[in-house]
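Below is one structure, written out as structure tokens, with a few remarks after it.
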Amino acid sequence: MDRRATLTALLGRPRSYLSTQTLLSPPGGPALLPYTGEWTYERAAHLLRRAMFAPTHLQIKAAVEKGLDATIEELFQELLLPDPPVNSYFEEDPFVPLGEIWLNAPYLKQEEDEEEVIDLREHRFHSLRAWTFGLLLTEGVSIREKMTLFWHNHFALHEVDDPKYIYRHIQLLRSYAWGNFRDLVKAITIDPAMLRMLNGNQNTKRAPNENYARELLELHTVGKGEQVGAGDYTTFTEEDVVEIARALTGWREEGFETKDADQAIKSFFDVERHDILTKQLSPRFNNATINDGGEEEYKQVVDLIFESPEVARHISRKLYRWFIYYKIDATTEQDVIEPMAQLLISNDFNIKPVLEAFLKSEHFFNIRSVGPLIKNPIDHVISTIKTFGVVVYPENLKNRYDLWYRVFDRTPSMQMEYYRPPEVAGWKGYYQAPAYYRLWINASTLPSRMNFANAVILEGLAGEEMRLEVDVFKFLKTLDDPHDPNKVVADFAKILCPKPLTANQLKLLKEILLPGLPDYEWGVEYTDYEANPMDMQLAMAIEGKLRQLIRVLMNLPEFFLS
């Protein structure tokens, strides 16, 4: 597949050879009315592709059998938090034996070389990253990991170089995946990692630091509207930033890179650092005042902010861009965003009812809502592996973590690294107009995507002692009729691509299985293989064709979409 053709197809310029259709903005109506159309494989695939990472063919088929309501219920099934990451390979860790949890272990003893802190920290980051991608690769039918990444992008924690802080933070996001947004903001406000990243731990009555107060308003809650006056952005003012910073004074954190085995990571309130004077907010918040509330004052702040209807609108827009499309025109704002916001307010800012209504709506399943979203790099690499549902991860802990880490390690070259959003606003694909998702695809990231897919499908992803491979024969057996080449090609296409391929595309793809031969030859060849699977020459011939078919499909622009 020509990279130039793929790039031009995805970015909306002239197309050639197996190209995708024009990306269209979904229509605004009919708001959040329940979907009443036919529940098909394509509809189930659309729901699961958006709500989770890389649903398998069997998971999609099961969703068709269960129906829309039961599938939504399964996506929101309450789950226990996953077991913590462990030391998977570093035998020289003086505190944590192989296979043991490192979350409560110190980094070094006082008299040891400072460089050892860096070593231990990096090894634990290695474990955290591998563990995270293991969760993405092995999750069942659940929206939790998609929402965890959504919140990670929303709060965009970065530049906090202690894996124990990062783990605590991501578990906080995971625990609130579809919970109460207001309560999550309160928890984030005094989260040790956030206090450290945005200097809340340095915010004192004598030297107020406005970093967190600004992002709390501009990014996390009401959003930044158009400037209508000096320091007035329609949703908040510079005066509000100053006063809210004062109200949040006094919070500190401890445990960063601790050398003390008994030192827990925690946040705490220092009353001596807190500004006890009254804070006066602007008309954007109804001229509310905040009186001294001590260590509970941050809750007053969040509660006052959430009285603004702009909070619900802002987070509804972000959910829309995450699950549907980046373009929000006036009709979409009126017919979709506003109903979502009102539903959120009426449910006391609990996210689950809004997501359930949104994911069951006519708007979500409108044909123009299917397929215009370019997968982010994390979704892309997970789709390359997990979609088939036949990859088996090694029982050996070291090998398992090693392979999971190698999957993670391919995403930075595609410009999306978990735990390192590039800035406080998150990844540009979700906020930078006018390109949005199109920023994921460029002359640098496109080869990385293609090379990764080619490596996984043609060679397998190599680890130190094993290789991650897609068992194409096992996958073929999950299809309804692996003897019919037309059905094989059609099934592979609908599993890997959200938009139907054209008749010409399917014809070209079938040529990979049957280069110039009549259809019945495939059935004869595959039947012969079933009768004698130990015939290595025959097996390799069929396997080679199947891998080439998958490789070409994964290099189509359609595979890059969701």
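The values are calculated or read from the model by the stated rules, or taken from the named source; none is laboratory data. Everything numeric here is computed off the predicted structure, so don't read it as measured data. Cβ sites come from the backbone with ideal geometry, for glycine too, and all protein chains shown count toward neighbours.
Side notes on the structure shown:
- Test: residue in the range 393-412 that is assigned to a helix (DSSP H, G or I) and closer than 25 Å to residue 42 by Cβ: no
- Every residue from the range 337-361 that is among the acidic types (Asp, Glu) and within 16 Å of residue 182 (Cα to Cα): 348
- Residue in the range 432-454 that is nearest to residue 554 (Cα to Cα), counting only those that are of a type in the set (A, V, I, L, M) and not in a helix (DSSP H, G or I): 441
Residue by residue, here is whether (1) at pLDDT 95 or above; (2) closer than 15 Å to residue 245 by Cα; (3) not in a helix (DSSP H, G or I) holds:
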position: 300; (1), (2), (3): yes, yes, no
position: 304; (1), (2), (3): yes, yes, no
position: 307; (1), (2), (3): yes, no, yes
position: 317; (1), (2), (3): yes, no, no
position: 320; (1), (2), (3): yes, no, no
position: 327; (1), (2), (3): no, no, yes
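- Selection of helices (runs of 4 or more DSSP H) fully inside the range 455-562 by the criterion of at least 1 residues being in contact with a His (Cβ under 8 Å, 6 or more places away or on another chain) returns 472-476, 485-496, 520-531.
- Scope the range 252-282; condition without any contact (Cβ under 8 Å) to a residue 40 or more places away in the chain and assigned to a helix (DSSP H, G or I); matching residues: 271, 272
- Residues located in the range 437-487, provided they are closer than 30 Å to residue 89 by Cα and among the β-branched types (Val, Ile, Thr): 456, 457, 470
- For residue 229, the conditions (1) over 14 Å from residue 154 (Cα atoms); (2) at pLDDT 95 or above all hold with the exception of (2).
- From the options 392, 381, 336, residue that is buried (at least 16 other Cβ atoms within 10 Å of the Cβ), at pLDDT below 95 and either more than 29 Å from residue 477 (Cα to Cα) or outside the structural domain of residue 495 (by TED's automatic domain parsing) (or both): 336
- Qualifying residue in the range 531-548 (condition: in contact (Cβ under 8 Å) with a residue 60 or more places away in the chain and in contact with a strand residue (DSSP E or B) (Cβ under 8 Å, 6 or more places away or on another chain)): no
- Test: residue in the range 348-356 that is acidic (Asp, Glu), within 27 Å of residue 493 (Cβ to Cβ), in contact (Cβ under 8 Å) with a residue 40 or more places away in the chain and part of a helix (DSSP H, G or I): no
- Residue tally, condition touching a His at 6+ places or on another chain (Cβ under 9 Å) and surrounded by fewer than 22 Cβ atoms within 10 Å (Cβ to Cβ), over the range 192-208: 2
- Test: residue in the range 421-440 that is hydroxyl-bearing (Ser, Thr, Tyr) and touching an Asp or Glu at 6+ places or on another chain (Cβ under 9 Å): no
- Among the candidates 177, 187, 245, 213, residue that is of a type in the set (Gly, Ala, Ser) and not in a helix (DSSP H, G or I): 177
- Exactly one residue out of 412, 498 is under 19 Å from residue 384 (Cβ atoms), surrounded by fewer than 15 Cβ atoms within 10 Å (Cβ to Cβ) and under 21 Å from the mean Cα position of the chain (by Cα), and it is 412.
- Within the range 108-122, considering residues that are touching an Asp or Glu at 6+ places or on another chain (Cβ under 7 Å) and modelled with pLDDT of 85 or more, the one nearest to residue 176 (Cα to Cα): 121
- Among the residues listed as 179, 200, the single one being touching a strand residue (DSSP E or B) at 6+ places or on another chain (Cβ under 9 Å), within 25 Å of residue 80 (Cβ to Cβ), among the small types (Gly, Ala, Ser) and modelled with pLDDT of 95 or more: 179
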